[in-house]
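The values are calculated or read from the model by the stated rules, or taken from the named source; none is laboratory data. As the structure is a prediction and not an experimental result, all values here were calculated from the model. Glycine also receives a Cβ, built like all others from the backbone with ideal geometry; neighbour counts cover every protein chain displayed. Surface areas here come from the heavy atoms of the whole protein model, side chains and all, with no ligands, DNA or RNA. Shrake-Rupley method; radii C 1.70, N 1.55, O 1.52, S 1.80 Å.
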Amino acid sequence: MGFTGPSNDAAAPGFDLCLADDGIRDAYDRAVEGRWQHLDEFFASRSDAWLVQQVLADEASQIQVTTFADWAEAAPSTLSVTMMGLLQVRDAWKVRGDVDDANIDPAVQEQFVTRLELAESSLMVATNFDRSSPVAWAARVITARDLGMGLKELHTRFDKAHALDPFRPDACSDMLQALTAKWGGNHELMFDFARWIERDAPADSPARAALPMAHLERAIAPSSGVGSPDDDVRPSTYFSRPEVNAEVATAASSFLDAVGGSVEPRHLFALNAYLVALFPLAPATTELVERLIGAIADRPTPLPWRYYRNDVVSGYQTVCAERREIASRFGQGT
């Protein structure tokens, strides 16, 4: 599996942040224009409000933080203040960029932390509006991670979100990231968390993206430097391990069966994550890859494809091509 440049396939899909969902697109477009007045009603109408939050606060979102600040001032609530806080987190990362810790300018780091602290303050206020709502607690998993508050605080925040909304997908996704080695966790903690979700979450829960994402994080984790042969692996080598392939294939098959023919935008992150983590090493997994590609239907999600140089479309297209090329060796590819 190569984290390489874009595919030259002229038929590559265009990246749609709104996941081909007309309702989300309309809400997003109006918010980009500074119109927030519809948002309370729109969020209330969605059973996947967590997904709408993710789209509106994504790093590619063109919504200005002032729009949600106006919303929070005019109609203060857990939701409006949380959305303002999430955009404050987004803008903090825009200041910081992708520079590694060793090379970041101290002035930039100071500004980054200041902005994150502002976001944390906003989310703390949001928590106090409605203590029965998981919305702000889920978002505070992000600020706890980004501000380096430690595993105890992360678990406190996640546990509160989970108690109010079990297996809330955004909380699970952000908690998994917080448990990765790159964020101060380790592989054991990360996989324990991902396998708990795989074991206990509903069969069609979007939170099940945690298991394939844990394998992806393990595949791209840098060597620990301790000399173990297992510490330094290529993604393609890692994903082709029989035990990894078997675990991902079992999970992907279960999820696809549970979702059936009713693939909704909320399912897409998990489907894309399974695709990147599944190698077609036998006819059965070859068929699974084709099922995943068919279910995704040219709707790549920001993760996992931003791991491919932040180019969502080329990452997705590259893996589709790679998986089909591998599948063709078994005489099952299309």
Original post:
Does SER236 satisfy the condition of being closer than 24 Å to ALA181 by Cβ and open to solvent by 10 Å² or more (accessible area, probe 1.4 Å)?
Top reply: yes
Original post:
In the stretch 56-66, which residue that is open to solvent by 10 Å² or more (accessible area, probe 1.4 Å) and outside any loop (DSSP other than H, G, I, E, B) is farthest from LEU303 (Cα to Cα)?
Top reply: THR66
**OP:** Restricting attention to the stretch 109-152, report how many residues are within 20 Å of LEU179 (Cα to Cα), touching a helix residue (DSSP H, G or I) at 6+ places or on another chain (Cβ under 7 Å) and open to solvent by 30 Å² or more (accessible area, probe 1.4 Å).
**Re:** 2
**OP:** Confirm whether ILE326 is β-branched (Val, Ile, Thr), touching a helix residue (DSSP H, G or I) at 6+ places or on another chain (Cβ under 9 Å), within 20 Å of LEU19 (Cα to Cα) and open to solvent by less than 40 Å² (accessible area, probe 1.4 Å).
**Re:** no
**OP:** Output the number of the condition that LEU303 fails; it satisfies all remaining conditions of (1) touching a helix residue (DSSP H, G or I) at 6+ places or on another chain (Cβ under 7 Å); (2) open to solvent by less than 50 Å² (accessible area, probe 1.4 Å); (3) in contact (Cβ under 8 Å) with a residue 40 or more places away in the chain.
**Re:** (2)
Original post:
Are there any helices (runs of 4 or more DSSP H) wholly within the stretch 77-156 with 3 or more residues that are of a type outside the set (Lys, Arg) and at pLDDT below 95, and if so which?
Top reply: 106-129
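Quick grid of which residues meet (1) closer than 19 Å to ARG306 by Cβ; (2) touching a Ser or Thr at 6+ places or on another chain (Cβ under 7 Å); (3) open to solvent by 40 Å² or more (accessible area, probe 1.4 Å):
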site	(1), (2), (3)
ALA27	no, no, no
ASP70	no, no, yes
SER80	no, no, no
ASP91	yes, no, no
**OP:** Could you tell me whether any residue of the stretch 202-217 is surrounded by fewer than 18 Cβ atoms within 10 Å (Cβ to Cβ), in a helix (DSSP H, G or I) and over 18 Å from the mean Cα position of the chain (by Cα)?
**Re:** no
Subject >> Subset of the stretch 88-110 [of a type in the set (Phe, Trp, Tyr) and farther than 23 Å from GLN62 by Cβ] >> reply: none
Original post:
If you check VAL312 against the conditions, is it crowded, with 18+ Cβ neighbours inside 10 Å, in contact (Cβ under 8 Å) with a residue 60 or more places away in the chain, among the β-branched types (Val, Ile, Thr) and within 17 Å of GLU59 (Cβ to Cβ)?
Top reply: yes
Subject >> Qualifying residue in the stretch 96-107 (condition: of a type outside the set (A, V, I, L, M, F, W, C), closer than 24 Å to ARG306 by Cβ, open to solvent by 10 Å² or more (accessible area, probe 1.4 Å) and in contact with a helix residue (DSSP H, G or I) (Cβ under 6 Å, 6 or more places away or on another chain)) >> reply: yes
**OP:** Within the stretch 267-293, count every residue that is surrounded by fewer than 22 Cβ atoms within 10 Å (Cβ to Cβ) and part of a loop (DSSP other than H, G, I, E, B).
**Re:** 2
**OP:** Filter the stretch 153-185 down to residues that are open to solvent by less than 30 Å² (accessible area, probe 1.4 Å) and basic (Lys, Arg) and give me whichever is farthest from ASP98 (Cα to Cα).
**Re:** ARG168
Original post:
Within the group ALA107, ALA119, ALA126, ALA136, which residue is farther than 17 Å from LEU87 by Cβ and among the small types (Gly, Ala, Ser)?
Top reply: ALA107
**OP:** Determine whether the stretch 186-200 contains at least one residue that is under 21 Å from LEU151 (Cβ atoms), assigned to a loop (DSSP other than H, G, I, E, B), open to solvent by 10 Å² or more (accessible area, probe 1.4 Å) and at pLDDT 95 or above.
**Re:** yes
